[in-house]
Every structure is written in C-alpha cells, then in structure tokens.
C-alpha cells in the first residue's frame, strides 16, 4: 500500500513546479483525520483550534480529506484562505458497493490527499514540517512525504481508542504501521498525560514526547455576572450525547436521587447526538422531565450565556481524552462535578470541583447535592486564571511552536 502511494506521489512530483519562494516563517502542513467541514463543522474542531493558535508563530496549511455519502461529483475541493492559514478540504464520494467499498474508498482517499498536495506545492511551495493529527492514515501520508521529500513530521494524538476499556487499537497490521509511523516522527505529543500513558501501555513509545493541551477560547468563555436565580438551582451537562462514553443515563438517575432532597434543582442537557432521543425518553420514564430541559446544540454567545446562568456543571463520563467542556466551564468561573477517569483529574483541580468514581450514581447524587449547597464557595477568578494560564490560545500556540523546533 505504501509503495503504491509513493509511486503516485513521485508521478505528481514530476508534473508540479513550485511558483513561490520561501518565506521567513516556518511552513507547517497539518494532516488530520478529523477536521471541521461543510457537513460537520464540529468534527475535529480542537485540531483547527491548534492550527489557529500556532498560526501566530508559523504559516499553517491544512489538507483534510472527507468521505461524503451523498455527493454529486466524485471529487470536490474547498479552499479557505485567512492570514497565515490556508485550509484545503477535499471531499470524495463515499462508495458503498459491497466487497469493493473498502478498496475504492482507500484509492479515493489517497488520490484526494495527492490532489491537495498538488495544490499546496504548486501554489505555496513545500512545507518545512508536517503536523499529523489523529493516527493512523494521516500518519501514513506524512511518512510518504518524509521518504520522498525528506520533510520531517510531528504527531499529536487525540483519539481515546488506546484506553483498554475502548479496545479500539487492534489488528497486527494496524499496530505495526502505527508503531512505524510514530518511530519515524520527529516528536510525539498527546493532549493529556493519561492518553500518553495509554499509548505507551499499548507499546507505542517515542524518545521525545510532549503534553500539549487543547485550546480554550478564554475571551469567549469568560465570567459574566448574571442575576442570581432564587427559585431554581441550575446545573448543566454538555456533550455529543453518546451514551457509551458520556453516560447521560447515569447523570439522570443520580439527578433523580438529588431531586428528592433538593426539588428546586434544574438540569440542562445541552447538545445533540445519536442517543439524544433515548436520553429524553429516559427523563419521562424516570418521571423527572419537568426538571430537565433539552435546549439542543448551543453555540457562541447563546452557549456562554446559558452556562453563566447556571451554578455548576456535570460530566459523568466513562472515559475522556481531554474533557474540553470542563475547561470551558472553569474558564467561565463555573465549578464542576465530574467522574475521576483518564484525563479529567488533570483538568479539574480539587479546589474547583468534586470528583467521583465513574458509574457510582449514588456518589454523583451526593456530589450534586453538595455542589448545589456550596457552589458559592468556589473562586470564579481563580478558575478563570487557571485556564487562561494553561489553555489560552497564545500559551498553547507557543507550546506548539517550541514542539516544532524540538530535536
């Protein structure tokens, strides 16, 4: 497979001529398996936020390939240009022919990447470095560029599949090629210590490994004084509504227990996803629908205003690679009740919330009651400052820049 990709890249090289001279800034090319696109503007948004953060220090180019189920043309290209950031999104029609689908889609995936490379190289010249996000296919493409053009690459992994409870890192060839891609990288990073440990426990190691967190927009997620709600104590949960990881049912059962002691509690379940309808139905079955609201997906000012109109937030996940919603809550000065799993203890210091064991619904209920009683004791300014000093776009952008310069 790699040999075929190398051959096609070599063929493209013979027909492309660079038209742009080198600039003073380092040119970094992002390869990512997940990236926001026209059909899903939220997918891999954290990768784009990394690109936006580091573009203050380097020129960033993005090549992202997306399979689309219903697309008239077999291939489509979308190019977005902003200062120091060029995003090249390539869409291919997702083949669903039995037996042949995997082969045809693999071929279309490679051709799309090569088409993006051709646009990049002819218009902007070769990059100095490739930044791979989300293994493994994007890493294979970066490995090919290294072998063909001697362009080094670094890796940032975001995926939770390496945790033992996920069992998503399987198959001899998959493990072998992932090991090879990481071994050939200039440097390796993950968004949390727990994800690094999970990868290393899966046999994936590198001599230069860094922890570089996700970016929080601390200007948008900020403390906004709101009138105190006297009749209700409100809390919220934000997620993609995927029961296996987010455990919304556990939240609702624990919330019902807490309601028996504090009937003025109100819960907002913000977001949407595959288990949204089932979660709504469960509130009816548990007879708590009068105390639970489902506002759907909220963005921008509407989201921040809703968060700031609540007293605390809840995240009862079975696993998390970063839990960005916790960092956003703290940036707004809102304390958090969360499960003690994976990366969450790294993001939620004890002085800013309450940690409970995953799946322990009685403990969660007690934490909700405690937080509803004592939420005023948490220092909003300290929470915001903690996030600003660690996860602000300028801080993370500089960490990425130093990561690129590492030897």
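The values are calculated or read from the model by the stated rules, or taken from the named source; none is laboratory data. All of these numbers come straight from a predicted model, not from anything done at the bench. Reconstructed Cβ throughout: ideal geometry from the backbone, glycine too, with neighbour counts over all protein chains shown.
The conditions are (1) surrounded by fewer than 17 Cβ atoms within 10 Å (Cβ to Cβ); (2) farther than 21 Å from residue 383 by Cβ, and residue 365 fails exactly one of them. Which is it?
(1)
Here's the yes/no breakdown for (1) in contact (Cβ under 8 Å) with a residue 40 or more places away in the chain; (2) under 30 Å from residue 54 (Cβ atoms); (3) touching a strand residue (DSSP E or B) at 6+ places or on another chain (Cβ under 9 Å):
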site	(1), (2), (3)
304	yes, yes, no
324	yes, yes, yes
334	yes, yes, yes
355	no, no, yes
365	yes, no, no
370	no, no, yes
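Can you tell me which residue is farthest from the chain's Cα centre (by Cα) among those in the stretch 350-388 that are under 30 Å from residue 161 (Cβ atoms) and assigned to a loop (DSSP other than H, G, I, E, B)?
360
Please go through (1) under 20 Å from residue 404 (Cα atoms); (2) modelled with pLDDT of 95 or more for residue 192 and return the number of the only condition it doesn't satisfy.
Of everything listed in (1) under 20 Å from residue 404 (Cα atoms); (2) modelled with pLDDT of 95 or more, residue 192 misses just condition (2).
Taking residue 372, is it in contact with a helix residue (DSSP H, G or I) (Cβ under 9 Å, 6 or more places away or on another chain) and farther than 15 Å from residue 316 by Cβ? It would help to see each step written out before you state the result.
On the way: in contact with a helix residue (DSSP H, G or I) (Cβ under 9 Å, 6 or more places away or on another chain): yes; farther than 15 Å from residue 316 by Cβ: yes.
Yes; evaluated as a whole, the condition is true for this residue.
Can residue 130 be described as crowded, with 16+ Cβ neighbours inside 10 Å, closer than 20 Å to residue 396 by Cβ and either out of contact with any strand residue (DSSP E or B) (no Cβ under 7 Å at 6 or more places or on another chain) or assigned by TED's automatic domain parsing to the domain that holds residue 82 (or both)?
yes
Strands (runs of 3 or more DSSP E) wholly in the stretch 233-349 with at least 2 residues that are more than 17 Å from the chain's Cα centre (by Cα), surrounded by fewer than 18 Cβ atoms within 10 Å (Cβ to Cβ) and modelled with pLDDT of 95 or more - which ones?
The strands (runs of 3 or more DSSP E) meeting that bar are 292-296.
Can you find even one residue in the stretch 173-181 that is in contact with a helix residue (DSSP H, G or I) (Cβ under 8 Å, 6 or more places away or on another chain), assigned to a helix (DSSP H, G or I) and surrounded by fewer than 20 Cβ atoms within 10 Å (Cβ to Cβ)?
Taking every residue of the stretch 173-181 in turn, at least one turns out to be in contact with a helix residue (DSSP H, G or I) (Cβ under 8 Å, 6 or more places away or on another chain), assigned to a helix (DSSP H, G or I) and surrounded by fewer than 20 Cβ atoms within 10 Å (Cβ to Cβ).
Taking the condition of being in a helix (DSSP H, G or I) and surrounded by 16 or more Cβ atoms within 10 Å (Cβ to Cβ), how many residues in the stretch 183-211 meet it? Full working, then the answer.
Taking the stretch 183-211 as the starting set, the residues that turn out to be in a helix (DSSP H, G or I) are 183, 193-201.
Add one more test, that the residue is surrounded by 16 or more Cβ atoms within 10 Å (Cβ to Cβ), and what stays is 194-196, 198-199.
Qualifying residue count, the stretch 183-211: 5.
Might you let me know whether the stretch 232-253 holds any residue that is over 18 Å from residue 365 (Cβ atoms), without any contact (Cβ under 8 Å) to a residue 24 or more places away in the chain and assigned by TED's automatic domain parsing to the domain that holds residue 344?
Scanning the stretch 232-253 turns up no residue that is over 18 Å from residue 365 (Cβ atoms), without any contact (Cβ under 8 Å) to a residue 24 or more places away in the chain and assigned by TED's automatic domain parsing to the domain that holds residue 344.
Residue by residue, here is whether (1) out of contact with any helix residue (DSSP H, G or I) (no Cβ under 6 Å at 6 or more places or on another chain); (2) crowded, with 21+ Cβ neighbours inside 10 Å; (3) in the same structural domain as residue 137 (by TED's automatic domain parsing) holds:
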residue: 53; (1), (2), (3): no, yes, yes
residue: 56; (1), (2), (3): no, no, yes
residue: 70; (1), (2), (3): yes, no, yes
residue: 73; (1), (2), (3): yes, no, yes
residue: 81; (1), (2), (3): yes, no, yes
residue: 92; (1), (2), (3): no, yes, yes
residue: 96; (1), (2), (3): yes, no, yes
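In the stretch 95-110, is there at least one residue being over 18 Å from the mean Cα position of the chain (by Cα) and over 29 Å from residue 168 (Cα atoms)?
Narrowing the stretch 95-110 to residues over 18 Å from the mean Cα position of the chain (by Cα): 95-110.
Those still in the list that are over 29 Å from residue 168 (Cα atoms) too: none.
No, every residue in the stretch 95-110 fails to be over 18 Å from the mean Cα position of the chain (by Cα) and over 29 Å from residue 168 (Cα atoms).
Answer with yes or no whether residue 16 is surrounded by 13 or more Cβ atoms within 10 Å (Cβ to Cβ), at pLDDT 55 or above and assigned by TED's automatic domain parsing to the domain that holds residue 104. Let's see the steps before the verdict.
Working: surrounded by 13 or more Cβ atoms within 10 Å (Cβ to Cβ): yes; at pLDDT 55 or above: no; assigned by TED's automatic domain parsing to the domain that holds residue 104: yes.
The answer is no for residue 16.
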